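Worksheet for the structure shown next.
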């Protein structure tokens with residue numbers, strides 16, 4: 001292990017102080033313990049869906065423990081330090097990790113200390129700036145494990161955000177599968193096509209899908225997903241609504257079409273893989289798949305760390321032009 005500095009290490013972190021308001025706070029790190037690494041952050045990513053709910057104070061009380069991030073501090077609705085997309089360089093710790101660029105499920109903070117087992121070195125060919133997609137890609141992998149698509153399936157992905165487009169990118173690589181992204185933003189068409197999928201606005205989307213994956217986070221999107229499903233097809237629900245109640249149209253053809261509405265959530269490894277896959281192995285798989293430069297199309301915005309409170313406020317109120325928003329840290 002490298003000799004840790006005896007000077008106090010001061011870090012800056014983003015906290016949601018109360019719903020709708022975030023700020024940068026300073027904190028001092030304790031001496032580095034045996035078996036820990038100190039990581040200097042290069043980039044973090046904002047998970048728009050979950051972090052938006054946290055920022056707006058929409059985490060249900062019943063889910064306050066299950067929704068805790070691995071290194072969260074504080075409690076919902078705030079003050080809370082939340083986040084789980086962090087890419088940085090190990091500057092102190094075991095010699096085999098020194099200088100390595102790593103991914104960690106850590107909040108937005110300039111420098112931090114965690115057990116060495118909590119970081120995963122980036123594979124060769126995966127740039128640090130692209131690695132902020134890893135958590136969303138891990139969710140997409142888990143979703144397709146839950147959905148179990150078959151060769152040649154017609155697959156609709158309703159919701160062309162970062163997660164939906166990653167699901168489409170993975171599904172489009174299955175032999176014979178036809179994948180269509182369905183979204184109300186026509187501007188998502190070029191990105192979908194660059195990732196190997198088709199695109200349609202909701203009113204003109206192809207019906208009779210063998211599998212529909214819903215990621216839009218809107219009740220209208222779920223209604224579209226049910227409408228596009230073929231006889232005895234599955235609609236996989238990836239959206240999480242927090243405290244919001246939505247209307248689910250289970251009338252019309254839902255019963256006569258014998259549809260299956262199924263939930264998927266990344267907190268547990270999907271049932272078909274659970275006996276053989278750990279969370280770490282699944283995250284390592286996600287990182288290994290990030291070698292495709294086409295995925296850079298998903299990172300539409302970036303901002304320096306000191307602007308993160310304003311970024312969270314902007315994303316929480318819309319920002320339809322934004323897919324993945326990367327936060328860049330001073331070196």
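Could you tell me the center-to-center distance, by alpha carbons, between the stretch 7-55 and the stretch 137-152 in angstrom?
The stretch 7-55 and the stretch 137-152 have Cα centres spaced 31 Å from each other.
Would you kindly calculate the mean projected area, averaged across all directions, of the convex hull enclosing the Cα atoms of the chain, in square nanometres? All intermediate terms of the calculation are to be shown ahead of the outcome.
On the way: hull surface 66.8 nm².
Averaged projected hull area, Cα only: 16.7 nm².
Show me the ranking of peptides 182-194, 272-284 by mean Cβ neighbours inside 10 Å, starting with the highest. Numbers along the way, then the final one.
Values: 182-194: 17.8, 272-284: 13.2.
Highest-to-lowest ranking by the protection proxy: 182-194, 272-284.
Pulled fully out, how much extra length does the chain show between residue 263 and residue 124, if you take 0.36 nm times their separation in residues and subtract their Cα-Cα distance?
Stretched out fully, the residue 263 to residue 124 stretch lengthens by 46.6 nm.
When the chain is fully extended, how far beyond the present Cα-Cα distance does residue 27 get from residue 245, taking 0.36 nm per residue of separation?
74.7 nm
Quick one: work out the % antiparallel among DSSP beta bridges in the chain, nearest 5. Before the final figure, lay out each step's value.
On the way: 35 of 61 bridges.
Beta bridges within the chain, antiparallel portion: roughly 55 percent.
Once both axes come from the Cα atoms, what is the angle between helix 279-288 and the longest principal axis of the chain, in degrees from 0 to 90, rounded to 10?
Long axis of 279-288 versus the principal axis of the chain: about 80 degrees.
Grab the DSSP H runs of the chain that are 4 residues or longer, score each as -39,500 (n - 2.57), total them, divide by all residues and round the 222 nm result to the nearest 500 deg cm²/dmol.
-6000 deg cm²/dmol
State, as an integer percentage, the relative contact order of the stretch 136-273 based on alpha-carbon contacts under 8 Å between residues 6 or more apart.
This gives 25 percent for the stretch 136-273.
What distance in nm lies between label points placed 7 Å from Cα along the C-beta direction at residue 273 and residue 294?
In this crude spin-label approximation the distance works out to 2.0 nm.
Sorted by average packing, counted as other Cβ atoms within 10 angstrom per residue and highest first, what order do 58-64, 249-255, 38-44 take? Could you put the intermediate results ahead of the total?
On the way: 58-64: 14.0, 249-255: 11.4, 38-44: 23.3.
Averaged packing, sorted descending, gives the order 38-44, 58-64, 249-255.
Which residue, 135, 209, 310, has the most motion in a Gaussian network model of the chain that connects Cα atoms within less than 10 Å?
Ranking 135, 209, 310 by mean-square fluctuation puts 310 first.
Mind jotting down the distance between the C-alpha centroids of the stretch 66-96 and the stretch 194-222, whole Å?
Each part's Cα centre sits 33 Å from the other's.
Pick from 131, 33, 245: which is most flexible by mean-square fluctuation in a GNM of the chain where alpha carbon atoms under 10 Å apart are linked?
245
Report the label-to-label distance for residue 186 and residue 174 in nanometres (one decimal), using points 7 Å from each Cα along the Cα→Cβ vector.
Placing both labels 7 Å beyond Cα along the Cβ direction yields 3.1 nm.
Would you kindly calculate the mean projected area, averaged across all directions, of the convex hull enclosing the Cα atoms of the stretch 183-250, in square nanometres?
5.0 nm²
Coordinate-derived values only; no laboratory data. On a predicted model such as this, the values are computed, not experimentally measured, just so you know. Note that each Cβ is placed from the backbone with ideal geometry, even for glycine, and that neighbours are counted across all protein chains shown.
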